[in-house]
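Reviewing the structure listed below.
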Amino acid sequence: MVNRMVNLKFDEKGLIPVIIQNAQNDQVIMLGYMNQQSLEKTLEEKQIWFYSRSRSELWHKGSTSGNYMNLVSIVADCDGDALFAKVNPEGPSCHTGNQICFETPVDTPINASKKSHPIVALDELTALIKQRKIDMPTDSYTAKMLSKNIGRTAQKVVEEAGELAIAAVQNNKEETISEASDLVYHLLLLLIKADLDPDLLWEHLRPKDNLESAD
């Protein structure tokens with residue numbers, strides 16, 4: 001067990017913070033949390049495993065994005081209540097697509113900091129759906145839809161598209177945004193259910209010379 005190797009001080013929730021540094025250029029990448037099980041898996045598999053506080057489950061960093069963090073070393077601080085890990089990252093480490101997570105100035109206006117970039121929001125939603133496909137929690141609508149025949153998801157896409165069209169024609173702006181959100185969600189769900197990465201969609205939508213001439 002980990003606590004036999006070193007006297008670590010996990011908090012009342014059984015967690016300990018871990019700072020992640022890029023071993024190649026010494027950039028501090030991010031701060032995460034581990035419990036004893038995720039620390040043991042990190043040591044055994046030589047890749048970073050966190051404990052997700054929002055999902056209350058183990059999180060293999062890179063399992064959905066492919067951007068794994070290969071462990072070089074991990075040490076505890078003098079008090080045993082924090083960890084410091086050096087890694088060789090495979091690709092961008094932040095869910096925003098950036099190399100590091102520490103890039104938001106602390107003097108950024110609160111309202112501005114809360115506003116998520118559209119691409120980041122889509123990436124986060126895509127990552128969530130992919131993770132639900134792996135975990136399949138019983139209380140998740142996404143997992144429930146993923147467990148059904150793909151025809152049911154396709155039907156939902158058609159339904160949401162129709163409701164969006166009606167809301168737009170009626171000039172109901174609030175309902176239009178709501179239905180558009182439902183459509184995007186079910187569209188991503190359909191693609192992932194069909195084993196198609198939504199990144200293929202974004203690539204297909206990139207501006208092309210012949211885009212405006214398409215029917």
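The values are calculated or read from the model by the stated rules, or taken from the named source; none is laboratory data. This structure is a prediction, so every number in the text was calculated from the model and none was measured. Cβ coordinates were reconstructed from backbone atoms using ideal geometry, including for glycine residues, and neighbour counts include every protein chain displayed.
Does V72 count as out of contact with any Ser or Thr (no Cβ under 8 Å at 6 or more places or on another chain) and over 17 Å from H95 (Cβ atoms)? It is true that V72 is out of contact with any Ser or Thr (no Cβ under 8 Å at 6 or more places or on another chain) and over 17 Å from H95 (Cβ atoms). Among the residues here, I29 qualifies as out of contact with any Lys or Arg (no Cβ under 7 Å at 6 or more places or on another chain) and buried (at least 16 other Cβ atoms within 10 Å of the Cβ).
Do we find that V184 is within 19 Å of L122 (Cα to Cα), modelled with pLDDT under 95, in a helix (DSSP H, G or I) and assigned by TED's automatic domain parsing to the domain that holds L122 in this structure?
yes
Contact map, the range 39-66: first residue within 16 Å of A127 (Cα to Cα) and in the same structural domain as I29 (by TED's automatic domain parsing), second residue assigned to a loop (DSSP other than H, G, I, E, B) and of a type in the set (S, T, Y), Cβ cut-off under 9 Å, separation 6 or more or different chains; pairs are H60/Y68; K61/Y68; K61/S93; G62/Y68; G62/S93.
For H95, the criteria (1) modelled with pLDDT under 75; (2) over 26 Å from F10 (Cβ atoms) hold in every case but one, which is (2).
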